[in-house]
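Everything on this sheet refers to the single structure shown next.
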Amino acid sequence: MKSIRLFALAAVSALALGAGAAKADPVKVAYLTPKTGPLAFIGAMYEPTVDFVAKPFNAAGGWNGNPLQVTIYDDAGTTQGAADRFKQAIADGARIFIGAGTSPLASQNLADVQRWNQRNPDDPAVLLIVGAEGLNFTGKDCNYYSFRFTTTPYIRQNALAKVMKDKGMLGERIYSLQPDYTMGREMEAASDENAKTYGYEVVGKARHDVFKIRDFSPFIEKVRAAKPDTVFTASSGSDLLLILQAASASGLKTKFAGMFLDEPGNLASAGAAALGGYSAQIFNAEAGGEAGEAYRAAFNTATGRDPVAFMSNGLITMTMLTSAVKSLPAGSKINIKQLITALENNKVEWPMGTLSMRAQDHQLQLPLVVSIVLKDAKHKLDGTDMGFQPVKLLSAEETSVPVSAECKMVRP
Amino acid sequence: MDTVVVALLNGVIYGLLLFMISSGLTLIFGMMGILNFAHASFYMLGAYLAFTAVTIFGFWGGILVGTLGVALIGFVCERYLLRHVRSFGHVQELLLTFGLFFAFEELVKLFYGPYAVAYSVPESLRFAAFTIGDASYPFFRVLIGATAIVMFAAIFCLLRFTRIGLVVRAAVLNPDMVRALGYNVSAIFSAMFAVGAGLAGLAGAMGGAYYTTSPNMATELGVIVFVVVVVGGLGSVGGALIASLLIGILVNAVVYLDVTFGQILATIGLVSQKTASDLLAVPLSSTAGVLPFLLMLLVLMFRPQGIAGDDRA
């Protein structure tokens, strides 16, 4: 049996050589994400998305017979860890980096890539930022060698306000309750900026410390005193859960609109408090019709759960990367500049609509689904009786916001 | 007026929850002098144990299992780990419990995954105890507060008015003498540690249901329990209660005050109106999380023994 397999293997490799194809050098991709430490849930979200895209791509022949080899490096959620793993990955021969962490981690990744590229202009590296929403990555820090595959708070707030206004759910009094770091500040600024466009007034603002506050009831009472129709929040994780629970326990009836309610575990943990919450989602199977349902089913079969939250960004990143790699001319090694051009020109079909990369600032142009948490949603999440029911699917053109004036990309 | 009453009430209840978590540490760190970094982990373990047991024994059974289970874990930690390093001093205790902190966190992630779990207050307990203006006040919050008060009374009376309390206090002050009088000091220490851990377990079982139960809950609370004990005064249960209430009310009050740092400094005349309105336009509410640490700093500067601590420390 063994000898037959060996023989077959030998035959196949002989065939490959005989066909004159390049030797099967893998295209090395370094995936930097936290797998241990307090941010381990981030890595746990991204990990299943890698194989889901890479496996079929490689099975279909990869890049002219060269497989895509994605190695996951654990940065432990610290910038020091990220810097160390970057060096390790460079030594391992990777030049394509996927930065799948928080904004501070992505900043570290970007600094590392920039430094490497300054010292090695003939052998550059490229960074694909999966989930960091800080405005700076496509603003003042926009870079020819870095791409962002998620939204910014501006894009999400705009989408939420647009859809809720359309459906008459927004109201005229808005409260902005934000986590006190870049994302929250940007969401607050976005809420201010869009006030005229969508005809509302920001009646109150508050920022809270991130992951330090157990009891949000004082914030909720403050919100109640301002009598808003809708509360915008960029809070995530346990902060978001605690806010929703405090609101529901004290009988506050205001609508909450945010973007991270679909993180794994959130619906289960928030329970009935999540009902009626609005979320700007990257992926929603029901909104995608047949294609969306098929995608959800395939992902669920492969990984045991539905694609939610930043998992979708992981899938988008991998899909756009493989599609760009596929379009490159055959050779022994990936030319990073060609890859960048391919990423810029690529248009990828995704169950929600067309994805593309804007060349001016390397910001992903993507469709968004604004959904509401309801009991009669089609797909229940986390073993609860609740799910996200799409209110409206916005196309990539509708969600797009203009290029930041701060972005001055230097092209070689 | 309504808002002020609700704010005050919220502050008091939050303070009581803080007391619930840190009362165990008052015993362990304050009285026994063990620098137990893993105390917040006991809080987390209480929540997870209760979450696991709820499906079998119901909500109250779950809380009981959480409390007793963590007390048992605490006992094992003291008996088989801490006791061996005690003679080497505080640094070893600190390192050991610091290690336990990480071990517990990773263990929980291993078994329950990295996300928050669905542990919440049962439907039958989700009702409003009373309403003030528009705000309804959840019954479970009142229950948390009441439990903390009962806990305080029990610890206080046990230590102050019973023979066991007398022996325990003596064993802490002068273990050799108590041993010479024929008491088993090691057993007393183990039992105290178990009780301290169990109290954290109870707080976790109740707090985890009302707030969230996730592997990060220990990290989030990690140091605040130390703040309570230090501000209150080492070894003083009453001091811990006062410190908890103070922190709870302060944190709540600061969120309601709609002023920025700039405005405060400009009123005193330290900075110009212009600097106040752009550079220093930081709302006071965003300091709610740091405030306890500021309080600890002030207390350590002006009253190092804590609010109700004796001069022994």
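The values are calculated or read from the model by the stated rules, or taken from the named source; none is laboratory data. Just so you know, these numbers come straight off a predicted model, no measurement behind them. Because the Cβ atoms are built from the backbone with ideal geometry, glycine has one as well, and the counts that use them run over all protein chains shown.
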Number of positions in the stretch B:214-269 that are of a type in the set (Ser, Thr, Tyr) and modelled with pLDDT of 90 or more:
1
Considering each of A:ALA159, A:ALA106, A:ALA111 in turn, give the residue that is under 13 Å from the mean Cα position of the chain (by Cα), among the aliphatic types (A, V, I, L, M) and over 19 Å from A:ALA324 (Cβ atoms).
A:ALA106
When you go through (1) closer than 30 Å to A:SER238 by Cα; (2) more than 10 Å from chain A (Cβ to nearest Cβ); (3) among the charged types (D, E, K, R) one by one for B:ARG303, which number turns out not to apply?
(1)
List the pairs whose first member sits in the stretch B:237-253 and is within 14 Å of chain A (Cβ to nearest Cβ) and touching a residue at least 60 places away in the same chain (Cβ under 8 Å), whose second member is among the basic types (Lys, Arg) and buried (at least 24 other Cβ atoms within 10 Å of the Cβ), and whose Cβ atoms are under 9 Å apart, counting only residues at least 6 apart or on separate chains?
none
Conditions (1) in the same structural domain as A:PHE147 (by TED's automatic domain parsing); (2) farther than 23 Å from A:SER236 by Cβ; (3) among the polar types (S, T, N, Q): number failed by A:SER395
(1)
What number goes with the only condition from (1) under 30 Å from A:GLY43 (Cα atoms); (2) assigned to a helix (DSSP H, G or I) that B:PRO114 does not pass?
(2)
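Considering only the stretch B:184-220, state which residues are in a helix (DSSP H, G or I), among the small types (Gly, Ala, Ser) and within 14 Å of another protein chain (Cβ to nearest Cβ). Don't jump to the end; show me each part of the working.
Narrowing the stretch B:184-220 to residues in a helix (DSSP H, G or I): B:185-210, B:217-220.
Filter again for among the small types (Gly, Ala, Ser), leaving B:186-187, B:190-191, B:194, B:196-198, B:200-201, B:203-205, B:207-209, B:218.
The answer is B:ALA203, B:GLY204, B:GLY207, B:GLY208, B:ALA209, B:ALA218.
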Which of the numbered conditions does B:ASP176 fail, given that it passes all the others? Conditions: (1) within 14 Å of another protein chain (Cβ to nearest Cβ); (2) among the charged types (D, E, K, R); (3) over 24 Å from the mean Cα position of the chain (by Cα).
(1)
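Could you please let me know if A:LYS333 is assigned to a loop (DSSP other than H, G, I, E, B), farther than 25 Å from A:LEU261 by Cα and of a type in the set (Lys, Arg)?
Numbers: assigned to a loop (DSSP other than H, G, I, E, B): yes; farther than 25 Å from A:LEU261 by Cα: yes; of a type in the set (Lys, Arg): yes.
Yes.
For (1) at pLDDT below 85; (2) surrounded by 14 or more Cβ atoms within 10 Å (Cβ to Cβ); (3) polar (S, T, N, Q); (4) under 20 Å from the mean Cα position of the chain (by Cα), each residue gets a yes or a no:
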| residue | (1), (2), (3), (4) |
| --- | --- |
| B:LEU94 | no, yes, no, yes |
| B:THR97 | no, yes, yes, yes |
| B:LEU100 | no, yes, no, yes |
| B:PHE104 | no, yes, no, yes |
| B:LEU107 | no, yes, no, no |
| B:LEU110 | no, no, no, no |
| B:ALA118 | no, yes, no, no |
| B:SER124 | no, no, yes, no |
Residues being surrounded by fewer than 17 Cβ atoms within 10 Å (Cβ to Cβ) and either more than 14 Å from every other protein chain (Cβ to nearest Cβ) or outside any helix (DSSP H, G or I) (or both) - total across the stretch B:290-299
3
Scanning the stretch A:238-267 residue by residue, those over 16 Å from A:MET183 (Cβ atoms) and among the aliphatic types (A, V, I, L, M) turn out to be A:LEU241, A:LEU242, A:LEU244, A:ALA246, A:ALA247, A:ALA249, A:LEU252, A:LEU267
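Test A:ALA342 against the criterion of being in a loop (DSSP other than H, G, I, E, B) and either touching a strand residue (DSSP E or B) at 6+ places or on another chain (Cβ under 6 Å) or over 20 Å from A:ALA309 (Cβ atoms) (or both), and give yes or no.
No: the conditions fail for A:ALA342.
So how many residues does the stretch B:69-81 have that are in contact (Cβ under 8 Å) with a residue 40 or more places away in the chain and either surrounded by fewer than 17 Cβ atoms within 10 Å (Cβ to Cβ) or touching an Asp or Glu at 6+ places or on another chain (Cβ under 6 Å) (or both)?
If we filter the stretch B:69-81 for residues that are in contact (Cβ under 8 Å) with a residue 40 or more places away in the chain, which is where we start, we get B:69-75, B:77-79.
Cutting the leftovers down to either surrounded by fewer than 17 Cβ atoms within 10 Å (Cβ to Cβ) or touching an Asp or Glu at 6+ places or on another chain (Cβ under 6 Å) (or both) gives us B:72, B:79.
Number satisfying all stated conditions: 2.
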Could you check the stretch A:39-140 for strands (runs of 3 or more DSSP E) lying wholly inside it with 2 or more residues that are surrounded by fewer than 22 Cβ atoms within 10 Å (Cβ to Cβ) and either of a type in the set (A, V, I, L, M, F, W, C) or touching a helix residue (DSSP H, G or I) at 6+ places or on another chain (Cβ under 8 Å) (or both)?
A:68-74
Looking at the stretch B:136-157 only, could you name the residues that are within 14 Å of another protein chain (Cβ to nearest Cβ) and part of a helix (DSSP H, G or I)?
B:PHE139, B:PHE140, B:ARG141, B:VAL142, B:LEU143, B:ILE144, B:GLY145, B:ALA148
Of the residues in the stretch A:141-156, those that are in a loop (DSSP other than H, G, I, E, B), aromatic (Phe, Trp, Tyr) and over 14 Å from the mean Cα position of the chain (by Cα) number 2
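When you look at A:THR182, is it without any contact (Cβ under 8 Å) to a residue 40 or more places away in the chain, β-branched (Val, Ile, Thr) and within 28 Å of A:PHE310 (Cβ to Cβ), yes or no?
On the way: without any contact (Cβ under 8 Å) to a residue 40 or more places away in the chain: no; β-branched (Val, Ile, Thr): yes; within 28 Å of A:PHE310 (Cβ to Cβ): yes.
No, not satisfied.
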For residues in the stretch B:254-289 being in contact with a strand residue (DSSP E or B) (Cβ under 9 Å, 6 or more places away or on another chain) and facing chain A (nearest Cβ under 9 Å), which is nearest to A:GLN178 (Cα to Cα)?
B:SER286
Scan the stretch B:19-46 and report the pairs whose first residue is modelled with pLDDT under 90 and whose second residue is assigned to a loop (DSSP other than H, G, I, E, B) and among the β-branched types (Val, Ile, Thr), with Cβ atoms within less than 8 Å and a gap of 6+ or a chain change.
B:ILE28/B:ILE34
Of the conditions (1) part of a helix (DSSP H, G or I); (2) within 14 Å of chain A (Cβ to nearest Cβ), the single one that B:ARG160 does not satisfy is (2)
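Would it be correct to say that A:GLY168 is at positive phi and assigned by TED's automatic domain parsing to the domain that holds A:ALA280? Even if it seems obvious, please write down each step before you answer.
Numbers: at positive phi: yes; assigned by TED's automatic domain parsing to the domain that holds A:ALA280: yes.
When the stated conditions are applied, A:GLY168 passes them.
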Considering only residues that are more than 13 Å from every other protein chain (Cβ to nearest Cβ) and not in a helix (DSSP H, G or I), which ones fall in the stretch B:1-32?
B:MET32
Identify, from the list A:ILE72, A:ILE90, the residue that is under 19 Å from A:ILE340 (Cβ atoms) and assigned by TED's automatic domain parsing to the domain that holds A:VAL325.
A:ILE90
